[in-house]
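To keep things clear, I will list the structure first and then write my remarks on it.
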Amino acid sequence: MPRETPMMQQYREIKEQYRDCLLFFRLGDFYEMFFDDALLASRLLEITLTSRDGGDDERVPMCGVPYHAAEDYLAKLVGHGLKVAICDQVEDPKEAKGLVRRAVVRVVTPGTVMESSALEENSNNYLAAVASDAYGYGLALADISTGEFGLTELRGTEAEDKLRDELHRLKPAELLFAPAGSEADLIQRMVGDTGIMLTPLGEGLPSPDEVRQLLQALYGESGINELGCEGMPLGLQAAAAIIAYLNQTQKTSLGHLQLVQPYLPDQYLQLDAATRRNLELTRSLRDGGRRGTLLSVLDRTCTAMGGRQIKSWIERPLVDPVTINRRLDRVEALVRSAARRTQLREVLDQVYDLERLVARVSYGTANARDLVGLKRSLSVLPRLASLLNEDPALASLGQGIDTGEGLCALLAAALVDDPPVSLGEGGIIRDGYSAQVDEYRRARREGRDWIAQLEQAERERTGIKSLKVGFNRVFGYYLEVTRANLSAVPADYQRKQTLANAERFITPELKEKEELILGAEDKLAALEYRLFCELRDRVAAESRTVQETARVIAEVDCLCSLAEVAVRHRYVRPVVDRSDAIEIAGGRHPVVEESIGAESFVANDTCLNRSDHRFLLLTGPNMAGKSTYMRQVALIVLLAQLGSFVPAKSARIGVVDRIFTRVGASDDLAGGQSTFMVEMTETANIIRNATSRSLLILDEVGRGTSTFDGLSIAWAVIEYIHTRPGLGCRTLFATHYHELTELEAVHPGIVNYSMAIREKGHDLIFLRRLERGGSDHSYGLQVARLAGLPGELLERAGEILATLESNEEVKKAQRQVAASSYRQRHRTQLSLFEAAPHPVLEELRGLKVMEMTPLQALNTLYQLQEKARKDE
């Protein structure tokens, strides 16, 4: 290899340790990248690619970004899923002997990014880790930008499904896992194309001894005893993997990480990935954005903390009626008191993002403006606590706020109101806080006053009216005289620099004052920086207290948001209990209503229970509003269980443990699954995981295959859900198979409903109103006419339809036979002393129905009916 320069040797040695990262190599005021890193970064960042001498006349590719503007460039690289190692100068260049020492001070990855430009204000940025054994999985998650840290364990036959659902809910930016074993392939399949960065742990997961050591180093022995995770060894192993990874990449204190909080998915209303997608809770089906989602309706929060919390509430509704009603009590208190709600929101508007601010403090990256933001936030907390304490329903929240008056007073006394962004410029510390700072400032001010007086005195002494005193970092202070006035320059002026149109001079007296002024400025800047760091350390020591207060503020913000939405959209408080009833009067779809206006939306009632209204079978043409209605019921249940008022005249919600939806049709081309395969996979998942307390929303099951196959599958699915022991849950089932309406007569609990329409000539009028009874017509031709299909095509379709409908009588007979066969198969078994099977049933079993003509089928059915009546 050619002989390299010392700097390039240093670069290569450091790069060798971080081969999987782009290396930001600090050179003066720039972060430089070389070789392949430069080629890649110049393309992604759209910056100029240059070159540099690498030794022996070799030119190596190079590009760079300014040190002070590195955050935006860093955010772009991390956004592309890259890791970036930050290599800084770790000694003062002025004191270095030879090459300045450099070292990587931090590795930035998608799951460890702290830069605000790379983070969504109202969303968490999770780093997750998975551990597994033969019986299940452990999952841990941390958001180092806020300090949130949690873990769970997923056991049993549903463990894999639950892990998949949690990963889709959390959508971590980065996922750590052990690369060995079959679990690695499983995790890669689960993640798919979600955009989650997978990071295999080369050294594997921590051993049990290492788990304890890592937790003890972070929390201390007493902190470990407070965790309450003794029965979750896999969850603790995953949490320890996160701690080890952060120690390796962040190389700084993790003191802002909160005590890891254990949770179980069963503590919340469970929603699988398909249900979250179909209900458009936080991401729209159209473009994955926020518009058109439930979140867009409910989020009227004033703080970033509240914005993140309301999203979490939507994604994790509650299942305990006591906890739900406690939250509803608080929302109701804010609904009733418009004045208090307004006052609280005015205070909340003045609170900064305390969670992320404290995280930056702990990382040592917070600047003076961050601490001023903390001071301003703390200054309004006494008012916030006072407003909450005035209402009994909110008082416990008020008592949970630590106003931090001592810390607020310290920051107010120490920092100026509008400090500069850079910490090295000075101008941070308020006058009167430090006697030494005041002394340096006085010396600097007097020196500058002397300089101003010198300029005027020299103009008068020399008679040169254009003479001026200037300053630059190369020469310091100087006297500048234009070339036309050089003849008037005094003998004691010493020439320093010649310009095209002027000369610059110095005097011994000027240099003496310069040394005094610059010495005072350097000492002042160093002292102000040291005092600021002391303040930052003081704030870091209070981080846990500030985080707990931030959590309460986020909850208050969410409650105010829910109350504001309830008042604005005329929502009512639901009755939430452990009954099996879902009774909604005048229910409305919250998102559609906001989109089209309350006056245009047609409200509908709903009655579901586990007895006579267990299974609601919904028919009607496309565009009649079936899907909107079913989603609306699911969203109202979800709203009630997250503790929100609901869009209805009244509602009683018996809590559900899970909501499942099978809505819409789509191919999974990447996974090699057809529309029908996706449909059947989702249906199988629902049947496998639903319980008697679940709510099922099923739309057009069976439509992805042939008519007879689809009808058969839909029919069997209905019977299975309705009659299966341990299932029999509350279900809304929309279908175009009108034959299924006959199940109402066969199975008590199945009830037919349809979406009302009116025909006007060849046109349809959609009334969007739910009415009792099934529909026996699809109105497909009318809908096709509304869509604009040509008249000639529609005429031919009508002819074909008439031919197909001529066989309706035989099909009806066949359905009745199928229903009878189901009743016979599920009758109680005969005892030894009971009569032999009924002859009519035996004859019925022997019929070859598919070979009969319509007339033969009707005659045979009539004869069987007469025989049955005679034998009664």
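The values are calculated or read from the model by the stated rules, or taken from the named source; none is laboratory data. Fair warning: this is a prediction, and the values are worked out from it, not measured in the lab. Glycine gets a Cβ as well: all are built from the backbone with ideal geometry, and neighbour counts include every protein chain shown. For the accessible areas, the whole protein counts, side chains as well, though only heavy atoms, and no ligand, DNA or RNA atoms are used. Shrake-Rupley method; radii C 1.70, N 1.55, O 1.52, S 1.80 Å.
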Can you give me the Cα centroid spacing of region 505-550 and region 422-477 in angstrom?
18
Given M33, N124, T146, which one lies farthest toward the positive end of the charge dipole of region 33-166, if we put +1 on the Cβ of every Lys and Arg and -1 on the Cβ of every Asp and Glu?
M33
Note to self: C-alpha centroids of region 203-262 and region 120-153 sit apart, in Å, by 12
Per residue accessible area in Å² of the chain, where ligands, DNA and RNA are left out and the probe is 1.4 Å:
47
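Please compute the length gained on full extension between R291 and D92, using 0.36 nm multiplied by the number of residues separating them and subtracting their Cα-Cα distance.
Working: separation 199, 0.36 × 199 = 71.64 nm, distance 5.04 nm.
Gain in length upon complete extension: 66.6 nm.
If R₀ is 35 angstrom, what is the calculated FRET efficiency for the pair A745 and Q261, using the beta carbon separation as r and rounding to 0.05?
Values: r = 52 Å, r/R0 = 1.49.
Plugging the Cβ-Cβ distance into 1/(1 + (r/R0)^6) gives 0.10.
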In whole angstrom, the spacing between the Cα centers of region 155-199 and region 340-405 equals 36
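Net charge within 13 Å of R327 by Cβ-Cβ distance, Lys/Arg positive one each and Asp/Glu negative one each, not counting R327 itself?
Numbers: positive: R316, R326, R330, R573; negative: D320, D329, E332, E555.
Local net charge: 0.
Is it possible to state the helix-based mean residue ellipticity at 222 nm for the chain, with each DSSP H run of 4+ residues giving -39500 (n - 2.57), the sum divided by total residues, to the nearest 500 deg cm²/dmol? What is it?
On the way: 29 runs with 405 residues, N = 872.
For the chain, the value works out to -15000 deg cm²/dmol.
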Of the chain, which part is the longest with no chymotrypsin sites (Phe, Trp or Tyr not before Pro) in a loop (DSSP not H, G, I, E, B) and with at most 12 other C-beta atoms within 10 angstrom?
136-832
Just how much of D709 is accessible, in Å², when a 1.4 Å probe is used and the result is rounded to the nearest 10?
80
How would region 192-275 be classified by its alpha-carbon gyration tensor: rounded, prolate or oblate, with rounded meaning a/c under 1.5 and the a/b versus b/c comparison settling the rest?
oblate
What does the net charge come to around A457 if you take all other residues with beta carbon closer than 14 Å to its beta carbon, with K and R at +1 and D and E at -1?
-1
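Region 451-548: which trypsin sites (Lys or Arg not before Pro) are DSSP loop and have at most 12 other beta-carbon atoms within 10 angstrom? Display every interim value, and only then the final one.
Numbers: sites: R459, R461, K465, K468, R473, R483, R495, K496, R504, K511, K513, K523, R530, R536, R538, R544; in loops: K465, R473.
When the trypsin sites (Lys or Arg not before Pro) of region 451-548 are filtered for loop state and at most 12 Cβ neighbours within 10 Å, K465, R473 remain.
Please compute the length gained on full extension between C607 and R568, using 0.36 nm multiplied by the number of residues separating them and subtracting their Cα-Cα distance. Provide the component values of the computation, followed by the final result.
Values: separation 39, 0.36 × 39 = 14.04 nm, distance 2.64 nm.
That works out to 11.4 nm of additional length.
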Quick check: the angle from helix 338-348's long axis to the longest principal axis of the chain, C-alpha only, nearest 10 degrees?
40
Loop-located GluC sites (Glu not before Pro) in region 185-257, at most 15 other Cβ atoms within 10 Å (DSSP)
E203, E226, E230
Taking the Cα atoms only, what angle lies between the long axis of helix 854-871 and the longest principal axis of the chain, rounded to 10 degrees?
70
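Suppose R0 equals 45 Å; then what is the FRET efficiency for R724 and D349 from their Cβ-Cβ distance, rounded to the nearest 0.05? All intermediate terms of the calculation are to be shown ahead of the outcome.
On the way: r = 53 Å, r/R0 = 1.17.
For R0 = 45 Å, the calculated efficiency reads 0.30.
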Test of understanding: what is the full-extension gain from N472 to R59, defined as 0.36 nm times their sequence separation minus their Cα-Cα distance?
145.3 nm
Name the shape class, rounded, prolate or oblate, that the alpha-carbon gyration tensor gives for region 272-429, where a ≥ b ≥ c are the square roots of its eigenvalues, rounded holds for a/c under 1.5, and otherwise prolate holds if a/b is larger than b/c and oblate otherwise.
oblate
For a Förster distance of 41 Å, can you work out the FRET efficiency between the beta-carbons of R461 and E425, rounded to the nearest 0.05?
0.75
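With the contact rule set at Cα under 8 Å and sequence spacing of 6 or more, what percent relative contact order holds for region 206-313? List each step's numbers first, then the result.
Working: 66 pairs, mean separation 18.3, N = 108.
The normalised contact order for region 206-313 reaches 17 percent.
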Quick one: with all protein chains in place, what share of the accessible area of the chain is carbon or sulfur, to the nearest percent (1.4 Å probe)?
49
Helix 543-569: angle to the longest alpha-carbon principal axis of the chain, degrees 0 to 90, nearest 10?
50
For labels at R19 and R772 in the simple 7 Å Cα→Cβ model, what's the distance in nm?
7.6
